[in-house]
1. Quick one: what pairs do we get from region 134-159, first residue more than 21 Å from residue 327 (Cβ to Cβ) and surrounded by fewer than 16 Cβ atoms within 10 Å (Cβ to Cβ), second hydroxyl-bearing (Ser, Thr, Tyr) and modelled with pLDDT of 95 or more, C-beta under 6 Å, 6+ apart or different chains?
2. Scan region 280-293 and report the pairs whose first residue is in contact (Cβ under 8 Å) with a residue 60 or more places away in the chain and whose second residue is among the charged types (D, E, K, R) and assigned to a loop (DSSP other than H, G, I, E, B), with Cβ atoms within less than 8 Å and a gap of 6+ or a chain change.
3. Tell me, which residue of region 113-149 that is charged (D, E, K, R) and within 17 Å of residue 172 (Cα to Cα) is nearest to the chain's Cα centre (by Cα)?
4. Among the residues of region 257-264, is any at pLDDT 95 or above and aliphatic (A, V, I, L, M)?
5. Hey, which of the helices (runs of 4 or more DSSP H) in region 120-235, taking only ones fully inside, have at least 3 residues that are of a type in the set (Gly, Ala, Ser) and under 20 Å from residue 95 (Cβ atoms)?
6. Only residues that are of a type in the set (Asp, Glu) and under 17 Å from the mean Cα position of the chain (by Cα): list them for region 74-112, please.
7. Name the residue that is farthest from the chain's Cα centre (by Cα), counting only residues in region 287-341 that are surrounded by 14 or more Cβ atoms within 10 Å (Cβ to Cβ), among the polar types (S, T, N, Q) and assigned to a helix (DSSP H, G or I).
Amino acid sequence: MKERFVSPKQMSELVVRRVRMELLRLGSATKTEIAKIADISFPTVSKIVDQLEGDKEIFLVGTDESSGGRRAQRYGLNPDFKLGLALYIERNDAIYTVSNYVGEVLEQGTSEIHWEDNPDTLTAIVQAVLERFPGIKVLSLGVPGAVKNGITFHIPNYPAYQNFDLKTYYESRLPVLVEVENDMNAAVLGYHQSLVKADNPTLVYLFLGTNGPGAGILINGDVVRGSSFFSGEISYIPQYDHLNFMQATKTGRQDCQHSKPDSLMIDSLARFVSTLVAVINPHAVIFCREDLNEQAVRAVEAACASYVPAEHVPKLVLRDRQKDYLQGLQRMAIERLMTGL
């Protein structure tokens, strides 16, 4: 296999990004701490830190106690250096947050949108936010459909956006970089961000949806997109002689949210989880509170034992999807800012 060539410029950008990410993760650090943790030589770290300080991207937050020698200077990211806008579209709402360079939320809101009629209804909303926060440099946009390199190619609820290059369209109309992501990929990233452990788990985040289910899949910390970027379109999974996953779970969904679980739906979800166990053996499968209640999730867990050994059934978790969705989009925006613009 031919090794991928990385130019000296690309290598330099990767090293600078690593320094930024360590400062974001640690909150503050000395040059020596960054060099040790990031495994970068001290002279290189020192040069990068001096450059970032000169650009006002980082600032001196204080000095450490002396251990007999020169007191080490401690640096942190400048929260106001750049801002990111995370926004997703759901039905007739555009839900968004504005975050600073260290991920603190400055504003969160919802605006009415009729996106299915005109893509520039979103342009107008973003422009209004930019007037209040001119420091925004990146828009991370979440959409309910499959996305490949900023192009939506499978978005059943919005036929006008089939094979639509959202990234190019909005970058030509707005003074920001645009990152476009599938809703469930963003949600699983957001859930991963909330975990305390620094390991790279395998996760599946399931949303039954109002117009069909979808999933975000994370394997060893990386989003799985598939050879044609169709990964996660789980509606099409065949489960019974005449029913696919979407058809099977559609029955009785209302009961699973408010009263006793529907037997067909519970069995369908148990089959789905059990298939995941056999294929990718995830650490956890995440369900949405708007789809299921605790009773239903425990029923799914018990039903899995009919298909796979109980010790291999993953942790089944209930989460607030909208919170994780926004968190994932915020993470995308910050990581894009960290690459340098």
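1. Matching pairs, first to second residue: none at all.
2. Close Cβ pairs (under 8 Å, with a partner that is among the charged types (D, E, K, R) and assigned to a loop (DSSP other than H, G, I, E, B)) amount to 288/320.
3. Ranking the candidates gives 137 first.
4. No, region 257-264 has no match at all.
5. So the answer is 183-194.
6. The answer is 90, 104.
7. The qualifying residue farthest from the chain's Cα centre (by Cα) is 322.
Conditions tested, residue by residue: (1) at pLDDT 95 or above; (2) at positive phi.
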residue	(1), (2)
166	yes, no
184	yes, no
189	yes, no
200	no, no
221	no, yes
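The values are calculated or read from the model by the stated rules, or taken from the named source; none is laboratory data. Predicted model only: the values in this text are computed from it and were never measured. Using ideal geometry, Cβ is built from the backbone for each residue, glycine included, and neighbour counts are taken over all protein chains shown.
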